[in-house]
Amino acid sequence: MNNLKEITWDEIKAINAETSQILKEAALFMLEEKRLREEERKRKEEEMLEEKRLREEERKRKEEEMLEEKRARIEERKRERDEEKQRKILIDKERDEDRKEFRAIKKEICRQTGGISHSNGELAETYFYNSFKAHKIFANETYDYIQRPVRRTNGKVEAEFDIVLFNGTSVAIIEVKYRASRKNLPVPWLLSRTDVFKTLYPEYRNHKIFIGVAAMSFSDGFEKRMHRNGIATIRQIGKKMVVYDQEVRAF
């Protein structure tokens, strides 16, 4: 028995139409999928380009920061060099002035003063000696003993130091005046005291030598001049002895 059903022409046309519709829909689906894939590709490309742009901006920003830091360091070093140069010029100028004055008043410095000046000098020396004797601290060092005055000669060189403090590693030389000025205590002369001391006291040649000037008063600007040269200043304020040794240097 034959069970095959005859298909009419209309049914064939209907099948063809349905197949054609399915193919059209499949083609549209494929086109839409292609469009979506293309959009996704473009989106990823744009993201990659944006990431690249951001990385480039970040690189440029860091380069600019590094260049700015480098420029700032260069300017800072230049400023420090200029300041040091100006400071050296000022110190050299002051030392030249002091040397001229020192040559002019060398004999006067070596001569003992008399009368009221001598009495005032003795009063100042006694006051500062007793003050240092009470605590023996100077330039952040504590000293074992103190002498006043200290005199020595080696046959060629002779010198006297008003107050000297000693410990195992350091020596503090304190020059005392009732009123200190660059005329009676020229800075070059003060700085030369370290070499004179080491010449007369070779046993202290390897010690640190500090210099201080103690006075009841100072002429205008003289304290700052000594500080710039690494010399400490000591004065009486009220009933206390006040030491300014923040800028003191060891020689």
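Only the coordinates and a few stated rules stand behind these numbers; no lab work does. Quantities reported herein were computed from a predicted structural model and do not represent experimental measurements. Note: ideal-geometry Cβ built from the backbone for every residue, glycine included; neighbour counts use all protein chains shown.
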Original post:
Among 194, 169, which comes first, second and so on when ranked by fewest other beta-carbon atoms within 10 Å?
Top reply: 169, 194
Original post:
Given that just one value was derived from the coordinates, which of [x] 74, 39, 31; [y] 160, 40, 40; [z] 60, 47, 30 is Cα extents along the principal axes in Å?
Top reply: [y]
**OP:** Report, to the nearest 10°, how far helix 187-200 tilts away from the longest principal axis of the Cα atoms in the chain, using its own Cα long axis and a range of 0 to 90°.
**Re:** 70
Original post:
By its C-alpha gyration tensor, with a ≥ b ≥ c as the square roots of the eigenvalues, how is the range 1-70 shaped: rounded for a/c under 1.5, else prolate for a/b larger than b/c, else oblate?
Top reply: prolate
Subject >> Residue exposure sequence - 248, 187 - by fewest surrounding Cβ within 10 Å >> reply: 248, 187
Original post:
For 137, 173, what ranking results if the residue with the fewest other Cβ atoms within 10 Å of its Cβ goes first?
Top reply: 137, 173
**OP:** Subtracting the Cα-Cα distance from 0.36 nm times the residue separation, let me have the gained length for residue 195 to residue 224 in nm, one decimal.
**Re:** 8.1 nm
